[in-house]
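Read the figures in this text as sums done on the coordinates, not as results from a lab. Only a predicted model underlies this, so the values are computations on that prediction, with no experimental measurement involved. Quick reminder, even Gly has a Cβ in these numbers, built from the backbone with ideal geometry, and neighbours come from all protein chains shown.
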Amino acid sequence: MKALVSFFMVLSSLFYAPQGPLPKVFSGERTDIIQQQLKQQAATAFQAQVLPATEQEWTQRRRQLKTAILQSTGAVEDHKLPLQVKETGRTQLTGYHIRNILFQTRPGVFATANLYIPDGKGPFPAVINMHGHWKDARIGEMVQATAHSLALNGYVCLNIDAWGAGERTTTEGVAEYHGANLGASLMNTGNTLLGMQLTDNIRGVDLLCSLPEVDKARIGATGASGGGNQTMWLAAMDERIKAAVPVVSVGTFESYIMNSNCVCELVPDGLTYMEESGVLAMVAPRALKICNALNDASKSFYPSEMLRSYKQAAPIYELLHAGDKLSYQLFNTVHGYWPEIRETMIGWMDLQLKHIGTGAPKKEPAFNLLPAAQLLTFPNGHRDTSVITTAAWCSRQGQLLHQTLLEENINVDEKRKALQQLLRINENSTLKQAHRYSPQEGWERVALETTDGSLIPLLLRAPRSKENGYVVVTHPGGKDSIPAALITELTEAGNGIVLADLWGCGEQSSVSATATDGSQPPYHTLARSALWLGSTVQGRWVSDLRIITDYLKMVNGDVRIVLNGSREAGVASLFFAALNGTAAQVTLNGGPLSYRFDERMGIDYFSMAVHVPGLLQWGDLSLAAALSGRDVVFKMPVTMSGRPVTGAALQAQQEEFFQLRKRCKQPGQSIFQ
């Protein structure tokens, strides 16, 4: 314990040592350039997504969209996988009963759920009911109320706990937010939270189709907020859904940019090939009724945003002679699945699935909500180990992918090319102009203007002699977070120093993004927005480092350049070197040795800037170090949860780094301090 405390005391002094304020590169109030850039990119993406004008073109486009969505999200369709339904409890109510169940959604992975089944002969129409970010997940008041109402109106209803929620949280009985860094960790394994949910829900439809009480030709889907989002994706991807009612969830993907949305609503690269209108159109010619709230607090779900998508999707419905199957309704409510919306949903489901009535709202019958303990699949604890949590999945997948890395044949050129693609680096962003300002307090002040309109602020000090070269120092907290002790050390050694604010850091930060992050981890807004638009924070940082080093070479000739990055910025420095960057050496301060998930506690040690979709499918940081062909120094390395790597664990990592560099036949060495 004393050793651990000592480690963190040294770590704290290394990264957060107090120092006098550094001079600013820019004066006065800054423009939020990043916000403007991302908003503009999103607006362009929305405008560019024009849906086809002929049925033949749309059929092809729909097929392409489905393929792309499965690839981007990692969702899986496996209808042959045995469901292995297990019932753990049953409650008989007036006119229907409720079963507490779990069923298999992926090999060895089970979801917890409730089935609400009407009394009588059947078969009945059925609805899968998905929940949003309610504290009690599938058992929450609004979610449970929807199921009771459906059952009393003659529908089988499946309420399923979303991935990472309800009885599927890390610690049984303890609620947790399934998004942010926890949900984003799935991306490093090549999955997404949205894809995990979509896979579960497709299997939920498999379950409904398997029940003798269900007419599998009459299945609908509904849900509110995040559950409405799931409803849209499920209806778009699974044609067995004949009627869908997404509630307080439809808007535009453009409005997600620089807004506060969960990673369960994130499709990496999504805006590079689709808008929400295209996903809505994928439901056609099946029935779709969109319900939005006039007083919703989230811009992503404003009626005005919904109408933009609705108007673009409507021509596809007309093209398929199904104009009467698409409608929307606005309610004078706040965000939620309120009784008047449920009544509208029931009346509309009656028309679409039972072919009775006019589609007008149907008064909700009286019912009593049940206590949570009565609906839990595991009311007395002792959750089955087959209920896999996000932490367990990421850990297991990480180990499987790690074993693949240790056994595969490595082609250095192919791995570099694949890493370039994973990082989604914009090669078209280059140095346009260097703006030099008057020196302050012994620092040169420079802003590098790029061809994509960014400004990279730098503070520079020349080396004692050219042979000493430059050390480019970066920190995810910006240059003001760089320890004074490190600056002093480099100065005394005679090194030239470049303190750089990378994209989203320090004087290049977005005030809007920081405000939107709120209680979420740093870079939550920027990381999500970048991924929607086809880039990553790590990729943008690598691009900035390329421009900075190119500038130093242009001004100083063939000068030695060392990269010194803390935490996530150190990872970007390593990626830069792995891609044949011009750095002579890389130092990572307090950076991870591996992207493998180790434990839930400490999940927010690193910010959202660290995640790279599919990184562990590609390899790991040991491979990146090998590809660099340079000396790579890891100072006080940690795991992804911030635990110090010492003892036998460090020795194992050292051997892995050594063996991979040997297999790649690259010079240099990895040094651990």
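Arrange Cys291, Cys264 by Cβ neighbour counts within 10 Å, fewest through most, would you? Show your work: numbers first, answer last.
On the way: Cys291 28, Cys264 25.
Going from least to most buried by this count: Cys264, Cys291.
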**Q.** Distant-in-sequence amide H partners of Ile290 (H built 1.01 Å from N, under 5 Å)
**A.** Ser327, Tyr328, Gln329
Q: Using the Kyte-Doolittle scale, find the helices of the chain whose mean hydropathy is at least 1.0 and whose Cα atoms extend 27 Å or more along the helix's long axis, counting only whole DSSP H runs.
A: none
Q | Rg ratio (alpha-carbon, reference 2.2 N^0.38 Å) - the range 587-644 | A | 1.12
Q.
How charged is the neighbourhood of Ala45? Take every other residue with its Cβ under 10 Å from the Cβ of Ala45, and add Lys/Arg as +1 and Asp/Glu as -1.
A. -2
Q: Give me the percent of DSSP beta bridges within the chain that run antiparallel, rounded to the nearest 5.
A: 45
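Please give the FRET efficiency for Thr31 paired with Phe658, using the beta carbon to beta carbon distance and R0 = 35 Å, rounded to the nearest 0.05. Can you show the working numbers first?
Values: r = 48 Å, r/R0 = 1.37.
Efficiency at R0 = 35 Å is approximately 0.15.
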Q. Ranked from highest to lowest mean number of other Cβ atoms within 10 Å per residue, what is the order of the peptides 464-470, 257-263, 127-133?
A. 127-133, 257-263, 464-470
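Excluding Ala293 itself, what net charge comes from residues whose Cβ is under 14 Å from its Cβ, given Lys and Arg +1 and Asp and Glu -1? Please report the intermediate quantities before stating the final value.
Numbers: positive: Lys299, Arg342; negative: Asp296, Glu305, Glu340.
Taking every Cβ under 14 Å from that of Ala293, the sum is -1.
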Q) Points 7 angstrom from Cα along the Cβ direction at Asn580 and Gln47: gap in nanometres? A) 3.7
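Within 10 Å of each candidate Cβ there may be at most 16 other Cβ atoms; applying that plus a DSSP loop requirement, which GluC sites (Glu not before Pro) in the range 571-673 survive?
Values: sites: Glu599, Glu655, Glu656; in loops: Glu599.
Sites meeting the loop and neighbour criteria: Glu599.
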Q: Take the cross-link list Lys66/Lys362; Lys417/Lys662; Lys216/Lys311; Lys135/Lys216 and give me the ones stretching past 26 Å between alpha-carbons.
A: Lys66/Lys362; Lys216/Lys311; Lys135/Lys216
Q | Cα-Cα pairs of the chain separated by more than 49 Å (percent) | A | 19
**Q.** chymotrypsin sites (Phe, Trp or Tyr not before Pro) within the range 488-576: DSSP coil, no more than 11 neighbouring Cβ in 10 Å
**A.** none
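When the Kirkwood radius is taken over all Cα pairs of the range 408-672, what Stokes-Einstein diffusion coefficient follows at 25 °C and 0.890 mPa s, in µm²/s? Please report the intermediate quantities before stating the final value.
On the way: Rh = 18.7 Å.
Estimated diffusion coefficient is 131 µm²/s.
To make sure I understand, if each residue's beta carbon is the centre and we count other beta carbons within 10 Å, what order do Asp413, Asp161 fall in, fewest to most? All intermediate terms of the calculation are to be shown ahead of the outcome.
On the way: Asp413 8, Asp161 26.
Lowest count first: Asp413, Asp161.
If you stretched the chain out fully between Asp558 and Asp413, how much longer would it get, using 0.36 nm times the residue separation minus the C-alpha to C-alpha distance? Before the final figure, lay out each step's value.
Details: separation 145, 0.36 × 145 = 52.20 nm, distance 2.49 nm.
Residue separation times 0.36 nm, minus the Cα-Cα distance, leaves 49.7 nm.
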Q) Using a simple spin-label model with points 7 Å from Cα along the Cα→Cβ vector, what separation in nm is obtained for Glu172 and Lys311? A) 5.3
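Which value, in nm² and rounded to one decimal, describes the direction-averaged projected area of the C-alpha convex hull of the range 51-178? Please list the in-between numbers first.
Values: hull surface 43.6 nm².
Projected over every direction and averaged, the Cα hull of the range 51-178 covers 10.9 nm².
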Q: Work out how far the C-alpha atoms of the range 213-270 reach from end to end along every principal axis, then list the three figures in whole Å, largest first.
A: 45, 22, 15
Q) Any idea how far the Cα center of the range 128-174 sits from the one of the range 425-481, in Å? A) 52
Q) So which trypsin sites (Lys or Arg not before Pro) in the range 603-673 end up in coil per DSSP with only 11 or fewer other C-beta atoms within 10 Å? A) Lys665
Q. Considering only DSSP beta bridges with both partners in the range 112-258, what is the antiparallel share in %, to the nearest 5?
A. 20
(Q) Taking the alpha-carbon distance from Lys299 and a cut-off under 17 Å, which aspartates and glutamates remain once sequence neighbours fewer than 8 residues away in the same chain are dropped? (A) Glu254, Glu265, Glu275, Glu276, Asp517
Q | Zero-based 20 Å bins, Cα pair distances in the range 45-397, whole percents | A | 33, 61, 6
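Beta carbons within 10 angstrom, averaged per residue: use that to sort the peptides 472-483, 425-436, highest first. Working shown, then result.
Details: 472-483: 23.2, 425-436: 13.6.
Those peptides, ordered most packed to least, come out 472-483, 425-436.
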(Q) What distance in nm separates the two pseudo spin-label positions at Ala217 and Lys66, each 7 Å out from Cα along the beta-carbon direction? (A) 2.0
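Rounded to the nearest 500, what is the chain's calculated 222 nm mean residue ellipticity when only DSSP H runs of at least 4 contribute -39500 (n - 2.57) each, over all residues?
Values: 21 runs with 256 residues, N = 673.
It comes out at -12000 deg cm²/dmol, rounded to the nearest 500.
How many percent of Cα pairs in the range 319-360 exceed 14 Å? Don't skip to the answer; put the middle values down first.
On the way: 477 of 861 pairs.
More than 14 Å apart: 55 percent of the Cα pairs in the range 319-360.
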**Q.** Order of His382, His402, His611 under a 10 Å beta carbon neighbour criterion, fewest first
**A.** His382, His402, His611
